[in-house]
Amino acid sequence: PRCIWLTRHGESVDNIVGKIGDAPLSAKGKKYGACLSRFIKQQRKENERSRRVEAEAGMAISPQREKTVAVWTSMLTRTKETVEEFDPKEYDIKHIRFLNEIYAGICEGLSYSQIEQLYPEEYEARRVSKLFYRYPGMGGESYLDVIQRLNPLIIELERMTSDLLIVTHRVVLRILLGYLMDIDRSKMPDMDVHLHTVYCVEPKPHGTVVRKFRWVE
Ligand code: F6P
């Protein structure tokens, strides 16, 4: 794609209390969703303007700038709610399981301090080796597992020619940004990726350009 916007979902009620797991958005998280839809609309207008200027000059960027903007979210409540303000008539919206957050197995729904209290050995094992650590319990995942499941999606992403907004989660965002910015996977688990921030990634011949936008309430 010409431009990939990447963001985490808006603040969820679990984010407020520091729990990991799926939960609906807080009032603030919903406001972020509304702001995100205005922001993307604005960006689309700018693309439209460039297209017009190019056409007036009798030139078009190659490959042609596509009009559609694809919006991909995970299958979880908090990303779906974040794009509620996006009009499905204007955007090609897809919910994709591969974009789901790392699944924490028996630790889903707990806070980090609860994990430390209930499963001190697990807590320690993850602290020592976050990249390799796999959460126990059915379907529990590690960063490496998530890297693995994102591979087909990365191939699809590189093949696409339309602009794309991805609304996902902390771990997935670290991995996607890490990949696009050529950051070693050993560094991915500790990357700072804040809520209510949009990363605009543009692949250029001389390297990838990343611009960061933070929501100012
Ligand atoms: O707290 C939000 C969250 O996205 C959780 O759902 C997830 O388990 C966690 O962040 C991942 O962050 P870390 O790998 O740093 O624990």
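What follows is calculated from the coordinates using simple rules that are stated; it is not laboratory data. Since this is a predicted model, take the numbers as computed values, not measurements. Using ideal geometry, Cβ is built from the backbone for each residue, glycine included, and neighbour counts are taken over all protein chains shown.
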Nearest 10, in degrees from 0 to 90: the angle of helix 170-180 to the longest Cα principal axis of the chain is 50
Under the rule rounded for a/c under 1.5, else prolate if a/b exceeds b/c, else oblate, using alpha carbon gyration tensor axes a ≥ b ≥ c, the range 168-211 is classed as oblate
Expressed in angstrom and rounded, the centroid-to-centroid distance over alpha carbons for the range 179-207 and the range 95-137 is 22
Expressed in nanometres to one decimal, the distance between label points 7 Å along Cα→Cβ at H95 and I16 is 2.3
Rh_Kirkwood(the chain) over Cα pairs, Å, one decimal, evaluates to 18.4
Cα extents of the range 144-190 along the principal axes, largest first, in whole Å, come to 30, 18, 17
The set of residues whose placed amide H lies less than 5 Å from the amide H of Y103, leaving out same-chain residues fewer than 5 positions away, is E141
Per the helix-only model, the chain has a calculated mean residue ellipticity at 222 nm (DSSP H runs of ≥4, -39500 (n - 2.57) each, divided over all residues, rounded to the nearest 500) of -12000 deg cm²/dmol
So for R0 = 25 Å, FRET eff. of V128-I183 from the Cβ-Cβ r, to 0.05, ends up at 0.75
Flagged as over-length at 21 Å C-alpha distance, from K45/K89; K94/K204; K41/K80; K187/K212; K80/K204, the pairs are K94/K204; K80/K204
Taking Cα atoms only, helix 27-56 is inclined relative to the longest principal axis of the chain by an angle, in degrees rounded to 10, of 30
Once both label points are put 7 Å beyond Cα along the C-beta direction, the T208-R2 separation in nm becomes 2.0
Rounded to one decimal in Å, the inverse mean reciprocal Cα-Cα distance for the range 110-157, i.e. its Kirkwood radius, is 12.0
